[in-house]
Amino acid sequence: MSRPIGIIGAMESEVELLVSLLENKECRKIGKHTYFTGTLSGTPTVIARAGVGKVNAAVCTAAMILEFAPEYILNTGVAGALGKGITVGDVIVADSCVEYDLEYGALGDARGSIFYPDSTSEIVMPADEEFSARLEAIANEVSGGEFAVKRGIVATGDRFVSSAEVRNDILSAFPDSLCCEMEGAAIAQVCRLYSVKFSVLRSMSDSADGEAEMDFPTFEKLSADRAAKIAASLAKSLS
Ligand code: ADE
């Protein structure tokens, strides 16, 4: 059997539709993470719910890579909109990911710098170009003009962003960020450590501002399902 695609979401709402669509489903638990394997629209797939935040996401991704050897990993789910003109329901496909909450204070290293154990470093982690281009095309097909699809920077940090102050802080450090969430760049970093191709697909549940705590529960399900439907179409296109 060919190598599976890996799909990771943080919350139940972000993976439940995809898990329900898996055929010949089996599951395996590693620690508190459950990995569902099977075929999604004919494509071998492994799906996991990571839990919220960078550590959950990193551990879930590392175990997925080591135990299931996915060819690509897709992070799917919801996010807070940051980019100009991006509204609830719009979809962002990552060109790259940054960790906006990596700060070095007096040490003086640039914000977001990631230092790898082999002494290389980077700030902007590029998503796989071919994978993201395919995702963008599929997202546009699924949209049929109903919602906007944009490619750009996904900004990740261990924080639910719900104020103009934090929103502006992220945008002042990374002005081209299109959305903020809590897992994408952690998954990206593990994929970079293990040379696995990745991309991130996020549908906007809120605008990461003072309204976010009201908008998020209202739009979480609709937005999570939107991203999941695009992920399912991606699997179909790979079959
Ligand atoms: N995921 C969805 N909305 C978010 C927000 N405002 N901040 C961080 N992660 C999110």
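Throughout, read-outs are computed from the coordinates displayed, never taken from laboratory work. As the structure is a prediction and not an experimental result, all values here were calculated from the model. Cβ atoms come from the backbone with ideal geometry, glycine included; neighbour counts cover every protein chain shown.
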* Asked: Which distance in nm do the two modelled labels at Cys27 and Asp176 give, with both placed 7 Å along the Cα-to-Cβ direction?
  -> 4.0
* Structure fact -> Farthest towards the positive end of the dipole of the chain, among Met125, Ala224, Thr34 and with Cβ unit charges of +1 on Lys and Arg and -1 on Asp and Glu, lies the Cα of Thr34
* Using unit Cβ charges (K, R positive; D, E negative) and no other charged atoms, how large, in debye to the nearest 20, is the dipole of region 164-239 about its Cα centre? -> 720
* Once you have a ≥ b ≥ c as the square roots of the Cα gyration tensor eigenvalues for the chain, tell me rounded if a/c is under 1.5, and otherwise prolate or oblate according to whether a/b is larger than b/c. => oblate
* Asked: What nm value, rounded to one decimal, do you get for the distance between Ala110 and Met11 when each label is placed 7 Å out toward the C-beta?
  -> 3.3
* What size of dipole, in debye to the nearest 20, comes out for the chain about its Cα centre when the only charges are +1 on Lys and Arg C-beta atoms and -1 on Asp and Glu C-beta atoms? -> 700
* To do: Would you please give the residues with an amide H less than 5 Å from that of Asn75, counting only those at least 5 places away or on a separate chain, with H modeled from the backbone geometry?
  => Ile8, Ser199, Val200, Leu201
* Determine the sum of side-chain charges near Ala110: Lys and Arg each +1, Asp and Glu each -1, restricted to other residues whose C-beta is under 14 angstrom from that of Ala110. => -4
* To do: Between Arg3 and Ala69, with labels modelled 7 Å along Cα→Cβ, what's the label distance in nm to one decimal, could you check?
  => 0.9
* How would you rank 49-59, 202-212, highest first, on the average number of other Cβ atoms within 10 Å across their residues? -> 202-212, 49-59
* To do: Given a cut-off of 23 Å, name the pairs among Lys54/Lys84; Lys25/Lys229; Lys84/Lys236; Lys197/Lys236 whose C-alpha atoms lie farther apart than that in the structure shown.
  => Lys54/Lys84; Lys84/Lys236
